[in-house]
Amino acid sequence: MAGILANRTYRHLFGAQLVALTGTGLATVALGLLAYDLAGERAGLVLGTALTIKMVAYVLVAPLAAALAERLDRRRMLVALDLVRGAVAIGLPFVTEVWQVYVLIFLLQSASAGFTPAFQASVPDVLPAEDEYTRALSLSRLAMDMESLLSPMLAAALLTLMSFDNLFWGTAIGFAASALLVVSVSLPSPKATARRGIYDRTTRGLRLYLATPRLRALLALNGVISSIGAMVIVNTVVIVRVDLGLGESAVALALAGFGLGSMLAALALPRLLKQVPERQVMLAGGAVGTASLAVLAGIWAGGPLQLEGLALGWAGVGLGYSAMLTPSGRLIARSGPPEDRPALFAAQFTLSHACWLVAYPLSGMLITGFGSAWAMAGLALSGALCLLLAWRIWPDEPG
């Protein structure tokens, strides 16, 4: 993977992703603790609502941002959105009411809804060879997993020195550093081949996406990803603080288990994908992720495990999660010409987060109403049904 970092443009883009992810990782821990500080045992419901608002922003804003991206300079757009995200992060330490969290999350994630698809669409333009792009996808996934692993550990260390609200300042610094790295390179901004109206530009990616069988299957796999991922993201803070009765740093360590499993999958995928089609890898990942959550639900029904047992279960979920998510960029890049890639990545962004829009509140409601074991079981069942749908509709052929 290190060879692709010789490309200066990609190296700076990867660096921008890395520092932004570190800041976001700190915010993930801090947001869960903020929800607990404001709502106590109902933190799962509050955090689920906040993340649902995040998904609403993604679903509504991403298609409009993709349409605008056809007419805007991509580098300037990315830098401006990074600065907006940093400014909003600075406001999070000062909130005192739950509704203020909701407003700031909507603003922050609206900017992310414009940033992420444009950023993702830039990578295959910078690295057009599929082998290089595959390594870039795995490196990107590895960066996300290292963030999941190291940022919680960094947060745990920082929480011994300061209160959790100071972690949001790390988020703002990450976005500022990302903007500086993006502004230091030139990015290709492919234009549409024909002048189209706003409706056509807004809906084109969705229409192309839903017309492609492998991408329809990817949509079903997004249902698996969101089901098992929401259990980890929304409910870890409640499981650790309420069920296990542990402190703030234990939340970060439990989340690190998920990151470790995901990182192991990302390291194995570049070599594996040279020998095994994406279909087999991604469906197997879905089976591993849902089975891990189902097994943990069965064990938890007999009584909570120790922190180490929870982290091990989360590692299995993370392994399957990464095996589904990492190769998805290859499918999208292969499904359309360069001028349609921003629209297709925006469609993936919108539709995948529509799945999270369902999974986040469902996760919060299940754990609030029925407890941790039933929440795990319900989301494992949801993931299994989506996995079955993906298996049925994906053509049995490579790619």
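Would you mind giving the three semi-axes, in whole Å and largest first, of the ellipsoid equivalent to segment 269-325 according to its Cα gyration tensor?
27, 11, 6
Test of understanding: what is the full-extension gain from residue 276 to residue 308, defined as 0.36 nm times their sequence separation minus their Cα-Cα distance?
Details: separation 32, 0.36 × 32 = 11.52 nm, distance 3.26 nm.
Here the answer is 8.3 nm.
So what's the Cα pair-distance distribution over segment 220-297, bin width 10 Å, in %?
16, 44, 29, 11, 2
What is the distance in Å between the Cα centres of segment 115-131 and segment 256-317?
Each part reduced to its Cα centre gives a spacing of 27 Å.
What does the highest-first list of 310-322, 346-358 look like by mean Cβ count within 10 Å?
Highest to lowest by the protection proxy: 310-322, 346-358.
Could you sort 83-89, 252-258, 302-308 so that the peptide with the highest average Cβ count within 10 Å comes first and the rest follow in order?
In descending order of packing, they fall as 252-258, 83-89, 302-308.
If I stretch the segment between residue 183 and residue 381 completely, what's the gain in nm (0.36 nm per residue apart, minus their alpha carbon distance), one decimal?
66.8 nm
Just the Cα atoms of segment 305-399: what Rg and Dmax do they give in Å?
Cα-based Rg and Dmax for segment 305-399 come out at 16.5, 51 Å.
If you add up the charges near residue 393, with Lys and Arg at +1 and Asp and Glu at -1, over every other residue whose beta carbon is less than 10 angstrom from its beta carbon, what do you get?
Every neighbour counted, the sum reads +3.
Return a whole-number percent for the relative contact order of segment 247-370, with Cα pairs under 8 Å and 6 or more residues apart as the contact set.
Result for segment 247-370 is 35 percent.
Only sites in a loop by DSSP and with at most 11 other Cβ atoms within 10 Å count here; which trypsin sites (Lys or Arg not before Pro) in segment 264-331 make the cut?
Counting only loop positions with at most 11 other Cβ atoms within 10 Å, the trypsin sites (Lys or Arg not before Pro) in segment 264-331 are 274.
Here, each number is a calculation from the coordinates, and none is a lab measurement. A quick note: this is a predicted structure, and the numbers were derived from the prediction, not measured. Glycine also receives a Cβ, built like all others from the backbone with ideal geometry; neighbour counts cover every protein chain displayed.
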